[in-house]
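To start, the structure itself, in structure tokens.
The values are calculated or read from the model by the stated rules, or taken from the named source; none is laboratory data. These numbers come from a predicted model, not from an experiment. Cβ: placed from backbone, ideal geometry, glycine included. Neighbour counts: every protein chain shown.
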Amino acid sequence: MHRIIIPLLLLTLTTIQGQVRQNQQNITISGKVVDADSGQPLEYATFVLQETDSPDKVTGGITDTSGEFSIETAPGKYNIRVEFLSFKTFSSNNQTYTTSTNLGTIKLEADVAQLEAVEVVGERTTVEVRLDKKIYNIGKDITTSGGNVSDALNNIPSVSVDVEGAISLRGNDNVRILINGKPSALAGFGSTDILQQLPADAIEKVEVITSPSARYDAEGTAGILNIVLKKEKTLGINGSVNTTVGVPFNARVTTNFNIRTEKFNIFNTLGYFHRESPGGGRNDNRYFSDASDYDRIIEDRDTNRDDDGFNVNIGMEYFLTDKSSVTGSFFYRWSDENNVTENDNQRFIGDNLDSRTLRTEDQAQKENSRQFSLNYTNNINDDGQKLTADLQYSYDNEDGLTGIQENNTYPNTDLLALENIYEKQSEEQFLAQADYVLPMGDAQFEAGYRGTFKKEVNDYLLDQYDTISGEFITNDDLTNVFTYRENVNALYTQYGNKYGKFSFLLGLRLENTQLKGNVDANIDSEALQEIVGQDVDLNFDKNYLGLFPTVNLIFELSQTQNISIGYNRRINRPRGWFINPFPSRSSRTNVFQGNPDLDPAYANAYDVGYMKRWKKLTLTTSVYYQKETRSFEFISEEAGVTSDGIQIIRSVPINLSTNERIGAEAGVIYSPAKWWRLNSSFNFFTFTSDGEFNGVEYGTTNTSWFARLSSKFTLPAKIELQANSFYMGPRQTAQSDTKGIFSMNLAMSKDIFKDKGTLSLNVSDVFNSRKRRSFTETANFSSDSEFQWRRRQVNLSFIYRFNQPKERNNRRGQPEDNDEDRQFQG
């Protein structure tokens, strides 16, 4: 009850205090409140001043976003009290203050007894604004129960996930994905595979970093998404078991187990899944030139994926002293994917069907990933001085065999092509990092080094069946080994300070990037030039040295609203498959080919944001502008014809001149009642690109938008309902128009077994409408296509928790400390 009475007393008695002391000379009592365990600042902690001689006279205030408070009062003798939900109260009595005093840092310890009684910690305001990021605490999103990390990301404002799992930030797909603050080869050759295999309930929070500080890699012109996985910090033994079964058939079991003592913390996650994901697509190509023997070709594709996977994460944090610890962890992931795609190909001359073929592609792929991480953290003193060092090694390898068979089905029935593709890919990555933080009063200085060294090897062998000899013959023109290395060394420094309501963080990062490529192939030089083009250097060694400044500012208009301004310079490095010059063989008529001549793109980005909190509503808005030079663009062009007279269309990435992007976004979290919660966001953007390639102008202007709305209801009998809807507006590029996409997810959950268990039922893509529809047109051909990665999914999930309070972010209701969050918070 006292937690309700105190704010009322502060409201009424502060007025009385001011009238009594209006003729006295006031002094200022200030300080900072932090979590004793992690050192994180505690926002909205209550600071109370009570006169010793007149206990009924009370004044005080609350802490701001950096945990700081500043209270004006008359000189005198006071009892001090600092309170925060689920923490032990700090008190100090009979303190005499005659001049302005800074109490320094006040550390609050977690109250374990209160924790078990806290039921709605996970439902607190989910947005936290820092100088360089927005933090979204996942809480209880029941629509992603039984889903994966990609499903959860699709509910984060500013983020969108397309039908193939590609992630974009504010409509820009050049986003850097970090896991626990670090890059990782576990994502698998620049893809998002791991995000579709890790369970959504493994996420603690997602940091959307649209204006990254100098501490972060300069990679990613759109910004950074840092996915922070859960790491339980409650003393004792605790954990959970989560099971899921769904239609189309999929099954998942995930266990989390944690042991924490005063001296060490052991954590472990095990997961297994089996997933069947039917999908498909359609291409309707029309040809306008004489190069093709056909006027129209229709491709209908039906895909069935049958995937199994296993992952384990185990680690231990050992506390060397009260201020230092060493953490070691090992992550392993295994997957076995079997995908079968049938392509029914109809070929027309005029309006008449001339021939028909059936192409079957049977792809089997096994993947193994492992990662070793070692971290040393030393909280040198109570003022926040800190030294950290990290070493990380990761290795990922994929072995794949793809069998392709194509048969004529009309008017004849005979074998047209039979191929076997053997592909081995490996990615090896080593990371070394050191960071030092030095607080200087209200200011903070930071410096550090990060080196990442990556090597990718793609071993590709193509065997084609020879109908004359009846044997498979290796195609030396396409068989090759492509090795790609990316080495980045970086030094950074940054300085932050706060003057009253104004905070700033200035940084400078120096990065040296080395890109090296090497091709080992038996193909003769003339045939190679026909494939990759003239004057293309396949064995290259490029170096780029760049400075990347960052500026982040926040002005607090009040304790519940602020304005932020950010500027940063970014780089977009080409990925390995963007560089590989040998074409893919997923289709004889539609191929993708990399471009060894690609250079990194650079961008300057500006961001202005505003945030306001009311009692039941939180509003975040921002406008942004970005100009990128030598930006990447995928263009389509003719690349010859097949042996049976079909025109080949090739897609190639190129460096265009410029790409300008401007946009605005807004997000609202509103709770009109205790049982009803709304979360919505809207993002509007337009971009203009210009440039030409092979004499063709590829400039275009595109305006698009996306929006999401989530509505959650808490009903009697501990039942919860939730509906999430998402709409991506239409988009245009130089050659293609893509239609808008709407999708909706529904879910229901109920707590059972005295809140130790939760049963959830959810439907993903209720209307089966998550399909990409696009139209591409050039002077020589047009292509009308539709693609669906995964059809509507229904999941039933059950989670059981032991010695673990239900659905809290962590024991304090605050974001946990991680190695990418140790910077000036302002």
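Structural remarks
- Residue within segment 496-512 that is more than 20 Å from GLN444 (Cα to Cα), touching a residue at least 12 places away in the same chain (Cβ under 8 Å), exposed (fewer than 15 other Cβ atoms within 10 Å of the Cβ) and not charged (D, E, K, R) present: yes
- Residue check, PHE482 out of contact with any Ser or Thr (no Cβ under 7 Å at 6 or more places or on another chain), at pLDDT 90 or above and not in a loop (DSSP other than H, G, I, E, B): no
- If the condition is being polar (S, T, N, Q), without any contact (Cβ under 8 Å) to a residue 40 or more places away in the chain and either touching a helix residue (DSSP H, G or I) at 6+ places or on another chain (Cβ under 9 Å) or surrounded by 15 or more Cβ atoms within 10 Å (Cβ to Cβ) (or both), then segment 339-362 contributes only ASN339.
- Subset tally (residues that are of a type in the set (S, T, N, Q), assigned to a strand (DSSP E or B) and either free of Cβ contacts under 8 Å to residues at least 60 places away in the same chain or on the phi > 0 side of the Ramachandran plot (or both)) for segment 663-713: 10
- Criterion (under 23 Å from LEU505 (Cβ atoms), out of contact with any Gly (no Cβ under 6 Å at 6 or more places or on another chain) and of a type in the set (A, V, I, L, M, F, W, C)) met by exactly one of LEU415, LEU438: LEU438
- The one condition in (1) without any contact (Cβ under 8 Å) to a residue 40 or more places away in the chain; (2) under 28 Å from THR474 (Cβ atoms); (3) over 25 Å from the mean Cα position of the chain (by Cα) that LEU320 fails to fulfil: (2)
- Scanning segment 714-723 for residues that are assigned to a strand (DSSP E or B) and either closer than 28 Å to ALA222 by Cβ or of a type outside the set (Ser, Thr, Tyr) (or both) returns LEU715, ILE719, GLU720, LEU721, GLN722, ALA723.
- Residue in segment 207-219 that is under 28 Å from GLN425 (Cα atoms), modelled with pLDDT under 85 and not assigned by TED's automatic domain parsing to the domain that holds GLU427 present: no
- Residue list for segment 71-91, filter: at pLDDT 80 or above, farther than 11 Å from VAL48 by Cβ and among the hydrophobic types (A, V, I, L, M, F, W, C): ALA74
- Scanning segment 450-475 for residues that are touching a residue at least 40 places away in the same chain (Cβ under 8 Å) and loosely packed, with under 15 Cβ neighbours inside 10 Å returns THR467, PHE472.
- Selection within segment 783-801 - part of a strand (DSSP E or B) and among the charged types (D, E, K, R): ASP784, GLU786, ARG801
- Filtered residues of segment 742-768 (kept if in contact (Cβ under 8 Å) with a residue 40 or more places away in the chain and surrounded by fewer than 20 Cβ atoms within 10 Å (Cβ to Cβ)): LEU746, MET748, ASP751, PHE753, ASP755, LYS756, GLY757
- Of the criteria (1) surrounded by fewer than 22 Cβ atoms within 10 Å (Cβ to Cβ); (2) at positive phi; (3) modelled with pLDDT of 70 or more, which one SER158 fails: (1)
- Subset of segment 395-449 (residues that are among the aromatic types (Phe, Trp, Tyr), closer than 30 Å to PHE482 by Cα and surrounded by 16 or more Cβ atoms within 10 Å (Cβ to Cβ)): TYR395, PHE430
- Test: GLY309 is surrounded by 15 or more Cβ atoms within 10 Å (Cβ to Cβ), among the small types (Gly, Ala, Ser) and closer than 30 Å to LEU353 by Cβ: no
- Of all residues in segment 47-56, those being crowded, with 20+ Cβ neighbours inside 10 Å and in contact (Cβ under 8 Å) with a residue 40 or more places away in the chain number 1.
- In the set (1) touching a Lys or Arg at 6+ places or on another chain (Cβ under 8 Å); (2) free of Cβ contacts under 8 Å to residues at least 60 places away in the same chain, the condition left unmet by ILE259 is number (1).
- Only one of the listed residues (ASP302, ASP293) is modelled with pLDDT under 90, in the same structural domain as LEU416 (by TED's automatic domain parsing), surrounded by fewer than 18 Cβ atoms within 10 Å (Cβ to Cβ) and more than 28 Å from PRO183 (Cα to Cα). That residue is ASP293.
- Given (1) surrounded by fewer than 18 Cβ atoms within 10 Å (Cβ to Cβ); (2) under 30 Å from VAL228 (Cα atoms); (3) at pLDDT 90 or above; (4) not small (Gly, Ala, Ser), index of the condition THR377 fails: (1)
- Hits in segment 720-776 - residues which are among the charged types (D, E, K, R) and at negative phi: GLU720, ARG731, ASP737, LYS739, LYS750, ASP751, LYS756, ARG770, LYS771, ARG772, ARG773
- Selection within segment 269-290 - farther than 18 Å from TRP334 by Cβ and buried (at least 19 other Cβ atoms within 10 Å of the Cβ): GLY279, GLY281, ASN283, ASN285, TYR287
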